[in-house]
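The values are calculated or read from the model by the stated rules, or taken from the named source; none is laboratory data. A quick note: this is a predicted structure, and the numbers were derived from the prediction, not measured. Neighbour counts run over all protein chains shown; Cβ positions are idealised from the backbone, glycine included.
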Amino acid sequence: MKLRTLIAAASIAALGAGMAYADGGKVKVGMITTLSGGGAGLGIDVRDGFVLAAKGNENLELVIEDDQRKPDVAVQLTDKLIQSEKVDVLTGIIWSNLAMAVVPAATAQGKFYLSPNAGPSALAGKGCSPLYFNVAWQNDAFYEAGGLWASENGIEKVFLMAPNYPAGTDGMTGFKRTFKGEVVGEVYTKLGQTDYAAEIAQIRASDADTVYFFLPGGMGISFMKQFAGSGVDKNVMGPAFSFDQGILGAIGDAALGVKNTSHWSKDIDNAANKKFVADFQAEYGRLPSLYAAQGYDTALLLQSAMGKADVADAAAFQAALEEADFASVRGDFAFAPNHHPIQDIYMREVIKEGDVVTNKIVGVASSDHQDVYGADCKM
């Protein structure tokens with residue numbers, strides 16, 4: 001699948017940002033994301049958020065490719081976009097194993113990579129690059145915040161579960177780093193698994209008071225439906241990836257009451273977020289997810305740099321990206337020296353608003369969160 005979008009409209013004013021662009025500031029962006037198969041909803045939301053934020057920008061050309069959630073396909077598409085399409089910037093990857101297959105090779109060829117999602121620890125520490133910017137989070141962030149909140153709110157024994165790939169292992173490492181209680185069980189499933197009978201049996205047999213899990217996309221939907229029907233009476237927590245808006249629509253009432261950590265929520269009270277939520281609903285007819293918010297912020301970051309420097313001047317463009325001079329839907333946002341975010345992580349609870357199952361913020365789990373791997377990043 002290939003979509004080529006030349007984002008051109010009457011004026012940049014359609015963005016509501018009033019940006020002025022540097023001389024020669026046209027930028028060609030290659031977006032490789034997941035648009036088919038398992039997890040396609042995540043890539044679609046990143047794409048739609050990015051396109052919405054770039055609407056009206058005649059200086060930005062976007063070439064979109066579907067990686068099918070396959071590392072070998074992502075690598076082939078990267079080579080094609082760099083060698084044949086001559087893109088200036090790459091973005092879009094959802095999955096950390098795909099990011100590890102693509103990002104080091106792309107930056108080695110002198111291309112900027114702006115991650116709207118995947119944040120493997122290897123790219124935050126020793127494997128960092130001046131050309132790599134993560135606009136979402138480092139993989140551990142939501143989990144570290146979850147561990148802090150659990151420790152401060154009377155949770156004593158947890159059962160951990162995640163897929164066996166970099167984001168899953170990073171995440172559970174992050175939770176254990178800050179959780180002060182006891183981990184009574186820890187299971188790593190296959191990526192893409194949909195039957196959780198064996199894992200639920202282990203949870204039932206454990207003395208955990210809380211199940212803390214990360215299962216993105218369809219995996220989380222399958223687990224929550226099976227868990228809700230199992231009769232196991234234990235609290236559930238996790239990162240927002242398993243309880244985001246697109247997933248909640250499929251899970252339904254089974255998710256009510258679940259606590260989850262996120263850097264974004266539709267009820268964050270700032271002008272940029274209110275505009276984003278309203279515009280996204282008007283454009284696409286659905287509530288945005290955190291993935292849509294990350295795609296949106298990624299496009300805003302890119303355009304903020306385009307307003308200050310020519311992408312052909314790598315040092316100047318890097319400096320412009322580092323300034324992060326844009327109004328994030330998350331509120332305060334800045335880059336740490338390793339080009340990963342410094343931002344608040346919120347605790348949300350799944351509630352029902354009318355007939356819609358959604359999230360609301362119930363507190364801040366971690367203020368000005370910054371990942372621990374930056375100390376190993378030498379640029």
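When residues in segment 279-316 are screened for being over 22 Å from the mean Cα position of the chain (by Cα), assigned to a helix (DSSP H, G or I) and touching a residue at least 24 places away in the same chain (Cβ under 8 Å), 2 of them pass. For segment 354-371, the set of residues classified as surrounded by 13 or more Cβ atoms within 10 Å (Cβ to Cβ), assigned to a strand (DSSP E or B) and in contact (Cβ under 8 Å) with a residue 40 or more places away in the chain consists of VAL357, THR358, ASN359, LYS360, ILE361, VAL362, ALA365, SER366, HIS369, listed by residue number. When the residues of segment 166-207 are filtered to those that are under 22 Å from SER262 (Cα atoms) and either polar (S, T, N, Q) or not assigned by TED's automatic domain parsing to the domain that holds HIS369 (or both), the one that is surrounded by the most Cβ atoms within 10 Å (Cβ to Cβ) is THR178. When the test is whether a residue is of a type outside the set (D, E, K, R), surrounded by fewer than 24 Cβ atoms within 10 Å (Cβ to Cβ) and assigned to a helix (DSSP H, G or I), ALA319 passes it.
Residues of segment 60-78 that are within 12 Å of ALA105 (Cβ to Cβ) and touching a helix residue (DSSP H, G or I) at 6+ places or on another chain (Cβ under 8 Å): PRO71, ALA74, VAL75, THR78. Screening THR210 against (1) outside the structural domain of SER367 (by TED's automatic domain parsing); (2) surrounded by 16 or more Cβ atoms within 10 Å (Cβ to Cβ) leaves a single unmet condition, (1).
Taking the conditions exactly as written (hydrophobic (A, V, I, L, M, F, W, C), in the same structural domain as ASP253 (by TED's automatic domain parsing) and under 18 Å from ALA145 (Cα atoms)), does VAL362 satisfy them or not? The answer is yes for VAL362.
Residues of segment 287-306 that are farther than 19 Å from SER115 by Cβ and modelled with pLDDT of 95 or more: none at all. Taken as a whole, the condition of being within 18 Å of the chain's Cα centre (by Cα), farther than 24 Å from MET347 by Cα and assigned to a helix (DSSP H, G or I) applies to ALA122.
With respect to ILE268, determine if the residue is surrounded by fewer than 24 Cβ atoms within 10 Å (Cβ to Cβ), in contact (Cβ under 8 Å) with a residue 60 or more places away in the chain, touching a Gly at 6+ places or on another chain (Cβ under 9 Å) and part of a loop (DSSP other than H, G, I, E, B). For ILE268, the condition - surrounded by fewer than 24 Cβ atoms within 10 Å (Cβ to Cβ), in contact (Cβ under 8 Å) with a residue 60 or more places away in the chain, touching a Gly at 6+ places or on another chain (Cβ under 9 Å) and part of a loop (DSSP other than H, G, I, E, B) - is met. Of the residues in segment 93-104, none is within 18 Å of the chain's Cα centre (by Cα), among the β-branched types (Val, Ile, Thr) and over 25 Å from LEU215 (Cβ atoms). Evaluating VAL73 against the criteria (1) in a strand (DSSP E or B); (2) over 23 Å from ASP244 (Cα atoms); (3) modelled with pLDDT of 95 or more; (4) of a type outside the set (Lys, Arg) leaves one unmet condition, (1).
Out of TYR132, TYR165, report the one residue that is aromatic (Phe, Trp, Tyr) and modelled with pLDDT of 95 or more.
When all the criteria are applied, what remains is TYR132.
Just one of ASN57, ASN117 is over 24 Å from THR189 (Cβ atoms) and assigned to a loop (DSSP other than H, G, I, E, B); which is it? Every option except ASN57 fails the conditions.
Among residues of segment 80-100 that are outside the structural domain of ASP297 (by TED's automatic domain parsing) and surrounded by 24 or more Cβ atoms within 10 Å (Cβ to Cβ), none has a beta-carbon under 8 Å from a residue that is in a helix (DSSP H, G or I) and of a type in the set (Asp, Glu) at least six positions away or on a different chain.
Among the numbered conditions (1) at pLDDT below 95; (2) part of a loop (DSSP other than H, G, I, E, B), the only one that LEU3 does not meet is (2). Is it the case that segment 128-146 has a residue that's more than 25 Å from GLN68 (Cβ to Cβ) and free of Cβ contacts under 8 Å to residues at least 40 places away in the same chain? No.
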